[in-house]
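Here the structure is laid out as structure tokens; the discussion comes afterwards.
The values are calculated or read from the model by the stated rules, or taken from the named source; none is laboratory data. This is a predicted model, so every value here is computed, not measured. Neighbour counts are summed over all protein chains in view; Cβ atoms, including those assigned to glycine, are modelled from backbone coordinates with ideal geometry. Note: accessible area is taken over every heavy atom of the protein model, side chains too, but ligands, DNA and RNA are not part of it. Shrake-Rupley method; radii C 1.70, N 1.55, O 1.52, S 1.80 Å.
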Amino acid sequence: MQAPTPLSENEKMLANYVPVYVMLPLEVVTVDNVLENKDGLEKQLKELRAAGVDGVMGDVWWGIVESKGPKQYDWNAYRSLFELVQLCGLKIQAIMSFHQCGGNVGDAVNIHLPQWVLDIGESDPDIFYTNRTGNRNKEYLTIGADNQPLFGGRTAVEIYSDYMQSFRDNMSDFLDAGLVIDIEVGLGPAGELRYPSYPSSQGWVFPGIGEFQCYDKYLKAEFLEAATSAGHPEWELPDNAGEYNDTPESTEFFGSNGTYLTEKGKFFLTWYSNKLLGHGDQILEEANKIFLGYKVKLAAKVSGIHWWYKSDSHAAELTAGYYNLQDRDGYRPIARMLSRHYAILNFTCLEMRDSEQSASAKSGPQELVQQVLSGGWRENIEVAGENALARYDRSGYNQILLNARPNGVNKDGPPKLKMSGVTYLRLSDDLLEAKNFSIFKTFVKKMHADQDYCPDPNKYNSPIVPLEKSKPKIPIEDILEATKPMVPFPFNKETDMSVGGGGLSDLLGSLINRITSIFK
């Protein structure tokens, strides 16, 4: 038997390569379903390609494509966009955006759910997430509507499934060509698998604990049924968990020795978080059936709720549906659920450091990222991520680099731990401004472990193979077995692939900026 050919030095270093994608502007396809300023976008995309960027991520808005009526899909603008991305030599991560744009941090435009859905909500407002005082949230349909035939005989899950099938049928040439590498399935507000617990549209401001969002009639009925089955028909949904901008200690539910520690509180939190797991599981199974056999990966986004992470109750995570405490891992069960669909866990807030946060918010972004990524790797799934807020500075980039390869580069082959990709938020004039773009280009090179751009993912990632059928449904007991806390993998304190910095770099940057402005 012939011995395997030893890897070249270049191949060994390529195993450390982490691809970089850039998120497209929210309004790249307008509310009127038009790809505007195509020439300007082409120029920007070519600049990204020249900088070594591997691809882009883009929202494919339900509220735009199916706006004219049920099953009346118009993909023309998105076909034009995908053709342009292909022309520029980039890959695309497509988000099935079943949420509203507007009302969250960074939302520069308003793209509502389809009008025909909002019209149904006029006569049945319980199709929307609802807080304890009855405020409705129109960002995303409540999980309670997932299996209710409220939409002209279709359930919410059937609507999402039909949309994804139409995307597949109309974009099959791009899928066949390998242009679309990820299908990120929107599973909640901002496309994230969570409840809309902290909506700025309803007055939430950082670092409020948020509110539970399960008081629509459908989820109320499901909770009553669950409590009755558990022998406690008298149990009701929480009425002592405070309001959006409270602190944990000001509430009975999250305070010291609070309700969250009681049998009743644990039952509710388990039910609330399990509903979220079931929602993600069911829709990803539909997505898997639709994209089965295509060379594409599924992905789901989990929100980086880092405020109150260092408080005993983790209140902001709990209201969002992440039942995460010191003695209970709220994220590894999500990773375990994703593993049956061969899906990537996409996590946010990669750029944040604890030292940048207000001490009063008991924030722990670094520990949170470490916990979530470790949980994903322990469940043998791919983990990707993005920054939560726009950053153009070296310390933000260096933190992303650290998280992408938390134990550094391995000069002899694949590193011990490595993210499968990082998406930078987002393409803008600010990013392409000379000084900012100069630093960004260095960041891309360092993400690539100082290697040249590589167009073949098989050389640095797990190969993109035809999507396999979802594994059998995992019993909830086995999912919850993953709540057992484990010590996260150790992370280095600093990245070994720093973008550099300091006085000289900043001086050079400002000189480049000045020279560029003279010749504009």
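Explain nothing, just the number: relative contact order of segment 9-123, from Cα pairs under 8 Å at least 6 residues apart, as a whole percent. Intermediate results must be reported in sequence, preceding the final value.
Values: 146 pairs, mean separation 33.6, N = 115.
Averaging sequence separation for qualifying contacts and normalising by length gives 29 percent for segment 9-123.
Let me know the shape class of segment 300-396, please: from the alpha-carbon gyration tensor, a ≥ b ≥ c as square roots of the eigenvalues, rounded when a/c is under 1.5, otherwise prolate if a/b is greater than b/c, or oblate.
Working: a/c = 2.23, a/b = 1.24, b/c = 1.79.
Oblate, because a/c is 1.5 or more while a/b does not exceed b/c.
Quick check: residue separation of Asp74 and Ala390 times 0.36 nm, minus the Cα distance between them. What number comes out in nm? The partial results should precede the final answer.
Numbers: separation 316, 0.36 × 316 = 113.76 nm, distance 3.13 nm.
Gain in length upon complete extension: 110.6 nm.
Stick to Cα atoms and the Kirkwood definition of Rh, then tell me Rg/Rh for segment 67-162. Present the calculation step by step, with values, prior to reporting the outcome.
Working: Rg = 15.8 Å, Rh = 15.3 Å.
Rounded to two decimals, Rg/Rh equals 1.03.
Any idea how far apart Val34 and Asp450 come out in nm if each label point goes 7 Å out from Cα toward Cβ?
4.9 nm
For segment 65-123, take N as its residue count and report Rg(C-alpha) divided by 2.2 N^0.38 Å.
Here the answer is 1.39, to two decimals.
Taking a quarter of the surface of the Cα convex hull of segment 1-96, what do you get in nm²? Walk me through the numbers on the way to the answer.
On the way: hull surface 38.0 nm².
That works out to 9.5 nm², a quarter of the Cα hull's surface.
Cα to Cα, under 21 Å, and not fewer than 8 places away if on the same chain: which lysines meet these conditions relative to Lys38?
Output for Lys38: Lys46, Lys91.
Considering just Cα atoms, how many Å³ per residue does the convex hull of segment 313-368 enclose?
Cα-based convex hull of segment 313-368, divided per residue, equals 91 Å³.
Tell me the accessible surface of His306 in square angstrom (1.4 angstrom probe, heavy atoms of protein chains only), to the nearest ten.
Counting only protein heavy atoms, the figure is 10 Å².
Defining a contact as two alpha carbons under 8 Å apart and six or more residues distant in sequence, what relative contact order in percent does segment 195-324 show? Walk me through the numbers before you get to the answer.
On the way: 141 pairs, mean separation 38.2, N = 130.
This gives 29 percent for segment 195-324.
Between the helical axis of 434-447 and the dominant principal axis of the chain, each derived from Cα atoms, what acute angle in degrees is found, rounded to the nearest 10?
Orientation of helix 434-447: about 80 degrees from the principal axis.
Pairs of alpha-carbon atoms within less than 8 angstrom and 6+ residues apart define the contacts here; what relative contact order does the chain have, in percent?
18 percent
Helix-derived [θ] at 222 nm for the chain: sum -39500 (n - 2.57) over DSSP H runs of at least 4, divide by residue count, nearest 500? Before the final figure, lay out the partial values.
Details: 17 runs with 185 residues, N = 520.
It lands at -10500 deg cm²/dmol.
As a test of understanding, state the convex hull volume per residue of segment 143-225 from its alpha carbons, in Å³. Show your work: numbers first, answer last.
Values: hull volume 12.0 nm³, N = 83.
Roughly 145 Å³ of hull volume per residue.
Is segment 375-493 best put as rounded, prolate or oblate by its Cα gyration tensor, with a ≥ b ≥ c the root eigenvalues, rounded for a/c under 1.5, and otherwise prolate when a/b is larger than b/c, oblate when not?
On the way: a/c = 1.85, a/b = 1.70, b/c = 1.09.
In terms of gyration-tensor shape, prolate.
Quick check: the angle from helix 263-291's long axis to the longest principal axis of the chain, C-alpha only, nearest 10 degrees?
Helix 263-291 and the main axis of the chain meet at about 50 degrees.
Let's test the formula: R0 of 30 Å, r as the Cβ-Cβ distance of Glu481 and Glu122. What FRET efficiency results, to the nearest 0.05? Don't skip to the end; give the middle numbers.
Details: r = 44 Å, r/R0 = 1.45.
With a Förster radius of 30 Å, E is 0.10.
Hey, of (1) 23.0; (2) 34.0; (3) 25.7, which did the structure itself give for mean projected area of the Cα convex hull in nm² when calculated?
Among (1) 23.0; (2) 34.0; (3) 25.7, the one calculated here is (3).
Dipole size in debye (nearest 20) for segment 29-142 around its Cα centre, Lys and Arg Cβ +1, Asp and Glu Cβ -1?
Values: 11 positive and 16 negative charges, 50 e Å.
The dipole magnitude comes to about 240 debye.
Stretched out fully, how many nm does the piece from Asp239 to Asn492 gain, at 0.36 nm a residue minus the Cα gap? Please report the intermediate quantities before stating the final value.
Numbers: separation 253, 0.36 × 253 = 91.08 nm, distance 4.30 nm.
Extra length available between Asp239 and Asn492 comes to 86.8 nm.
Could you state how much accessible area Lys459 has, in square angstrom rounded to the nearest 10, with a 1.4 Å probe and all protein chains kept in place?
120 Å²
Once both labels are modelled 7 Å past Cα along the beta-carbon direction, what's the Asp354-Ser8 spacing in nm?
According to this spin-label approximation, the distance is 4.4 nm.
For an R0 of 51 angstrom, estimate the FRET efficiency from the Cβ-Cβ distance between Lys264 and Asn110 and round to the nearest 0.05.
For Lys264 and Asn110, the calculated efficiency is 0.80.
Starting from segment 333-416, pick out the GluC sites (Glu not before Pro) whose DSSP state is loop and whose Cβ has at most 16 other Cβ atoms within 10 Å.
Working: sites: Glu351, Glu356, Glu367, Glu379, Glu382, Glu386; in loops: Glu351, Glu379, Glu382.
Hits after loop and neighbour filter: nothing returned.
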